[in-house]
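The values are calculated or read from the model by the stated rules, or taken from the named source; none is laboratory data. From a predicted model like this one, the values you see are computed outputs, not experimental measurements. Cβ atoms come from the backbone with ideal geometry, glycine included; neighbour counts cover every protein chain shown. Only protein heavy atoms, including side chains, enter the accessible area calculation; ligands, DNA and RNA are left aside. Shrake-Rupley method; radii C 1.70, N 1.55, O 1.52, S 1.80 Å.
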Amino acid sequence: MPEADLDLLTDAARRAGQIALGFWRRDPRSWDKGGDAGPVTEADLAVNDELQASLMAARPGYGWLSEESEADLSRLDARHCFIIDPIDGTRAFIAGQEGFSHSLAVTDGDRIVAAVVHLPVRDITYTAFADGPALRNGQPIAPAQADIDGASVLTYRAVSEPGHWRDGLVPPFRREFRPSLAWRLCLAAEGCFDAALSLRAAWEWDIAAGSLIAERAGAIVTDRRGERMRFNSQRAMVDGLIVAGERLHGQILERLKP
């Protein structure tokens, strides 16, 4: 049941936070994974090992997809799959910043049905399960209802290039940034910012948990083309993302270049 899986993920996320804080601001060993995959630290691997051991022991029939584990395509044959980012925002973690998170989700088929995003330094936990509410530290959240002119959009600099927009006209939104993509989706879900937007392909582990939290909060959550996100795919990637209240989501989609 999604509720039982959510309890499992929530406990696991808190353990992950305790492990990560044991390395945070203590000069953890880090190295580059190569191939534009970015950095990894000993903390990422320690968290991943704990999560894989505990979660798979609790749900041995589930598949496993994690940024820090070797690919295992047997997950494609499992009805349920864990999708995990042990530390989302590793660069921020290395720099001693607070804005890293743990992102944990469970699928049923190609849909996310239980999700947790936990920020251990800030002691913030976002949760959601299928057909249930989206919560921040136990309190319901909801997205903002904004128009695109002047909207605060969590995204990256290249989104403001004219080539992405119809007739080269970049909408007059205000671009903001946070280091964890999972956290960006949650911030849009709770209305701290008006939208989260990426026109790049996104790894499933970065957005799986945040996508359900935003959806259950009441945001419209799609890929960059306005299609429903599907998870536990062979590529483990989604074609960008638009997360916003209904009106703003429609305005962004309308103005993007097809």
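Summary of values
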| item | result |
| --- | --- |
| Segments classed as strands (runs of 3 or more DSSP E), wholly inside segment 135-227, with at least 3 members that are crowded, with 23+ Cβ neighbours inside 10 Å | 195-198 |
| Inter-residue pairs, beta-carbon under 7 Å, first open to solvent by less than 10 Å² (accessible area, probe 1.4 Å) and in segment 105-116, second part of a loop (DSSP other than H, G, I, E, B), 6+ apart | THR107/PHE231; THR107/ASN232 |
| Candidates ASP27, ASP44, filtered to the one that is within 13 Å of GLU67 (Cβ to Cβ) and of a type in the set (D, E, K, R) | ASP44 |
| Check on GLY63, farther than 29 Å from PHE177 by Cβ and out of contact with any His (no Cβ under 6 Å at 6 or more places or on another chain) | yes |
| Some residue of segment 87-98 being aromatic (Phe, Trp, Tyr), out of contact with any Gly (no Cβ under 8 Å at 6 or more places or on another chain) and modelled with pLDDT of 95 or more | yes |
| So ILE242, is it in contact with a helix residue (DSSP H, G or I) (Cβ under 6 Å, 6 or more places away or on another chain), closer than 23 Å to ILE112 by Cα and either in the same structural domain as PRO120 (by the TED database) or open to solvent by 10 Å² or more (accessible area, probe 1.4 Å) (or both) | no |
| Residues (without any contact (Cβ under 8 Å) to a residue 40 or more places away in the chain and not in a loop (DSSP other than H, G, I, E, B)) located in segment 117-134 | ILE124 |
| Residue count for segment 228-249, restricted to those that are in contact (Cβ under 8 Å) with a residue 12 or more places away in the chain, over 16 Å from ALA105 (Cβ atoms) and outside any strand (DSSP E or B) | 8 |
| From the options GLY96, GLY61, residue that is among the small types (Gly, Ala, Ser), over 22 Å from ALA214 (Cα atoms) and in contact (Cβ under 8 Å) with a residue 40 or more places away in the chain | GLY96 |
| Answer from ALA71, ALA92, ALA37 - the residue that is over 19 Å from VAL116 (Cα atoms), within 17 Å of the chain's Cα centre (by Cα) and surrounded by fewer than 16 Cβ atoms within 10 Å (Cβ to Cβ) | ALA37 |
